[in-house]
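The structure under discussion appears below in the form of structure tokens.
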Amino acid sequence: MLQEYLPFVGLLIFGNIENLILASQGEVKNAKVLSLSIMSIIIVIAWFLVGAVLTQEAIRYANYIDFIGGLAIFILGIQAIVEARKSKASKKVKGE
């Protein structure tokens, strides 16, 4: 059973990194922690259900899925860094 999920191990690792990036973005935007946590849990459950149901179909496209997922996480990481720097710069200008 584990062998059918092995092509997606990279995506699982990247998914955890993505959650950290999104949490960072939420902190920069001063999002409410409770609502951010609830939305994150809902999305994780939704992806778990989709993965459990569609793994056999998606296995043929595992390389593409890993690439697109990795690219999306890379772009989100860059976006998080840019937003954090903007936020930090604006706080410096305001004297905080």
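The values are calculated or read from the model by the stated rules, or taken from the named source; none is laboratory data. Just so it is clear, the structure is predicted and the values come from calculations on it, not from any experiment. Ideal geometry is used to build each Cβ from the backbone, glycine not excepted, and the neighbour counts take in all protein chains shown. Calculation scope for accessible area: heavy atoms of the full protein, side chains included, ligands and nucleic acids excluded. Shrake-Rupley method; radii C 1.70, N 1.55, O 1.52, S 1.80 Å.
Looking at segment 36-59, is at least one residue within 25 Å of LYS86 (Cβ to Cβ), open to solvent by less than 80 Å² (accessible area, probe 1.4 Å), part of a loop (DSSP other than H, G, I, E, B) and among the small types (Gly, Ala, Ser)? For segment 36-59, residues within 25 Å of LYS86 (Cβ to Cβ), open to solvent by less than 80 Å² (accessible area, probe 1.4 Å), part of a loop (DSSP other than H, G, I, E, B) and among the small types (Gly, Ala, Ser): absent. Summed over segment 1-15, the residues that are open to solvent by 60 Å² or more (accessible area, probe 1.4 Å) and assigned to a helix (DSSP H, G or I) give a count of 8. If you go through segment 36-64 and pick out every residue that is in contact with a helix residue (DSSP H, G or I) (Cβ under 8 Å, 6 or more places away or on another chain) and over 15 Å from PHE8 (Cβ atoms), you end up with 2. From the list ILE75, ILE68, the lone residue that is within 20 Å of ASN16 (Cα to Cα) and open to solvent by 100 Å² or more (accessible area, probe 1.4 Å) is ILE68.
Looking at GLU96, is it at pLDDT below 75 and open to solvent by 90 Å² or more (accessible area, probe 1.4 Å)? Yes.
Of everything listed in (1) closer than 21 Å to GLN79 by Cβ; (2) at pLDDT below 75; (3) open to solvent by 60 Å² or more (accessible area, probe 1.4 Å), the single unmet condition for SER24 is (3).
For first residues located in segment 8-22 and more than 14 Å from ALA62 (Cβ to Cβ), partners that are not aliphatic (A, V, I, L, M) and lie 6+ apart or on another chain with Cβ distances below 7 Å form the pairs ASN19/SER40; ILE21/GLY77. The condition (being part of a helix (DSSP H, G or I) and modelled with pLDDT of 75 or more) is satisfied by just one residue among GLU18, GLU83: GLU83.
Determine whether segment 54-74 contains at least one residue that is out of contact with any strand residue (DSSP E or B) (no Cβ under 8 Å at 6 or more places or on another chain), touching a residue at least 60 places away in the same chain (Cβ under 8 Å) and among the aliphatic types (A, V, I, L, M). No, every residue in segment 54-74 fails to be out of contact with any strand residue (DSSP E or B) (no Cβ under 8 Å at 6 or more places or on another chain), touching a residue at least 60 places away in the same chain (Cβ under 8 Å) and among the aliphatic types (A, V, I, L, M).
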